[in-house]
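Participant: So that we are looking at the same thing, I have put the structure below in structure tokens.
The values are calculated or read from the model by the stated rules, or taken from the named source; none is laboratory data. Just so it is clear, the model here is predicted, and its values are computed rather than measured. Cβ sites come from the backbone with ideal geometry, for glycine too, and all protein chains shown count toward neighbours. Each accessible area value is taken on the protein alone, full model and side chains, heavy atoms only, with ligands, DNA and RNA left out. Shrake-Rupley method; radii C 1.70, N 1.55, O 1.52, S 1.80 Å.
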Amino acid sequence: MKQKTLTKFNKIYPWYAGLSSDLLFWIAIDTLFLTAVKKLNPSQIVSLTSISLIVCIILQVPILRIIQKLGNTKSVRLSSFLLLLASILLTFGPNYITLALGEIIYEISFTFQNMSNAILKNNLELQNKSNDHIKLKINFNTIYATITMIISFIASIMFNINNYFPMICCILFCFICFILSFYIVDFSSFDKIKKETSTTYKRKIKYSKIIIFLLISYGLFYPIVNSGQSNGKLFIQ
């Protein structure tokens, strides 16, 4: 019975990962939707990304603690629910604050979403199929690339038909991902990290100068690149 369930997981995972890698449709028309429908100016649109990233960075430690308490399986389900909630807030949010909240939830969801990689690794090890990890990764990347390519061709047409049409489809995709998330289960004993006892030795991690430099560089340049992408997209659209 467990083997059949794991086999089903192998089939569903690429589709779940491919469909939940981002907010489909939103990534194609986000700036256009915010300007034409939500009437935001360029500075407000760029600030949405900045605020959401800053909040996400500040909340990283509390989020990691929540993940430890929930475990891998529940964290992935929470991620799918947060993506669905974010899509609804971004679609129907009546003001800047609501849209900013939607962007923050959108960014936070991907921290929880990262646990799906741990689930894939653990379940493949249970089946003695660790070598299939790359194969399944290629499958979900192919699904994601194909769907986003199709969306890039039809999103503008759908937007011209009805401004909310692409975002309704976005919500629909998020709902499908939420349903699929209940099939993404970590069957290993590593689903949830056991609480350390008082006798457990806590080893202090020592960071080298190179690691510290890399962390600082990433923290500085990633927001710059991300904001630059938003600005470039804003000029194009």
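Participant: Out of region 99-148, which trypsin sites (Lys or Arg not before Pro) are coil in DSSP terms and have no more than 14 other C-beta atoms within 10 Å? Don't skip to the end; give the middle numbers.
Facilitator: Details: sites: 121, 129, 135, 137; in loops: 129.
The qualifying sites are 129.
Participant: How would the chain be classified by its alpha-carbon gyration tensor: rounded, prolate or oblate, with rounded meaning a/c under 1.5 and the a/b versus b/c comparison settling the rest? Could the numbers behind the result be given before it?
Facilitator: Details: a/c = 1.99, a/b = 1.34, b/c = 1.49.
Cα axes put the chain in the oblate bin.
Participant: Based on alpha-carbon atoms only, what is the radius of gyration of region 104-170 relative to the globular estimate 2.2 N^0.38 Å? List each step's numbers first, then the result.
Facilitator: Values: Rg = 16.8 Å, N = 67, 2.2 N^0.38 = 10.9 Å.
Dividing the Cα Rg of region 104-170 by 2.2 N^0.38 Å gives 1.54.
Participant: Please work out the average accessible area per residue across region 50-128, using the 1.4 Å probe convention, and give it in Å². Display every interim value, and only then the final one.
Facilitator: Numbers: 3570 Å² over 79 residues.
Accessible area per residue: 45 Å².
Participant: Using the Karplus curve 6.51 cos²θ - 1.76 cosθ + 1.60 with θ = phi - 60°, what ³J(HN,Hα) values do you get for each residue of region 70-80, in whole Hz, with x for Gly and Pro?
Facilitator: After applying 6.51 cos²θ - 1.76 cosθ + 1.60, I find 6, x, 5, 4, 5, 5, 5, 5, 5, 4, 5 Hz.
Participant: Quick check: pseudo-label points 7 Å beyond the Cα along Cα→Cβ at residue 179 and residue 117, how many nm apart are they?
Facilitator: A separation of 2.9 nm, rounded to one decimal place.
Participant: Further, regarding this structure: Is there a quick way to get the dipole size of the chain? I mean about its Cα centre, with the Cβ of Lys and Arg at +1 and of Asp and Glu at -1; what is the value in debye to the nearest 20?
Facilitator: On the way: 23 positive and 9 negative charges, 211 e Å.
Using Cβ point charges on Lys, Arg, Asp and Glu, the chain gives about 1020 debye.
Participant: Report the Cα centroid-to-centroid distance between region 93-124 and region 46-82 in angstrom, as an integer.
Facilitator: 6
Participant: How about region 12-107: which trypsin sites (Lys or Arg not before Pro) there are in a DSSP loop, with at most 14 other Cβ atoms within 10 Å of their Cβ?
Facilitator: Details: sites: 38, 39, 65, 69, 74, 77; in loops: 38, 39.
When the trypsin sites (Lys or Arg not before Pro) of region 12-107 are filtered for loop state and at most 14 Cβ neighbours within 10 Å, 39 remain.
Participant: Please label the shape of region 78-195 as rounded, prolate or oblate, based on the square roots a ≥ b ≥ c of the eigenvalues of the alpha-carbon gyration tensor (a/c under 1.5 means rounded; beyond that, a/b larger than b/c means prolate, else oblate). Before the final figure, lay out the partial values.
Facilitator: On the way: a/c = 3.15, a/b = 1.61, b/c = 1.96.
Here region 78-195 falls in the oblate category.
Participant: What shape does region 1-60 take by its C-alpha gyration tensor, where a ≥ b ≥ c are the square roots of the eigenvalues and a/c under 1.5 counts as rounded, a/b above b/c as prolate, and the rest as oblate? Write down the numbers at each step before the final one.
Facilitator: Values: a/c = 6.12, a/b = 2.17, b/c = 2.81.
Oblate is the answer for region 1-60, as a/c is 1.5 or above yet b/c matches or exceeds a/b.
Participant: Mean separation of Cα pairs under 8 Å and 6+ residues apart, divided by the residue count of the chain: what relative contact order is that in percent?
Facilitator: On the way: 226 pairs, mean separation 86.4, N = 237.
Over the chain, the number comes to 36 percent.
Participant: Determine the alpha carbon to alpha carbon distance for each of 4/69; 8/69; 11/137; 8/137; 74/137 and list only those over 18 Å. Intermediate results must be reported in sequence, preceding the final value.
Facilitator: Values: 4/69 28 Å; 8/69 26 Å; 11/137 12 Å; 8/137 16 Å; 74/137 21 Å.
Long pairs (Cα-Cα over 18 Å): 4/69; 8/69; 74/137.
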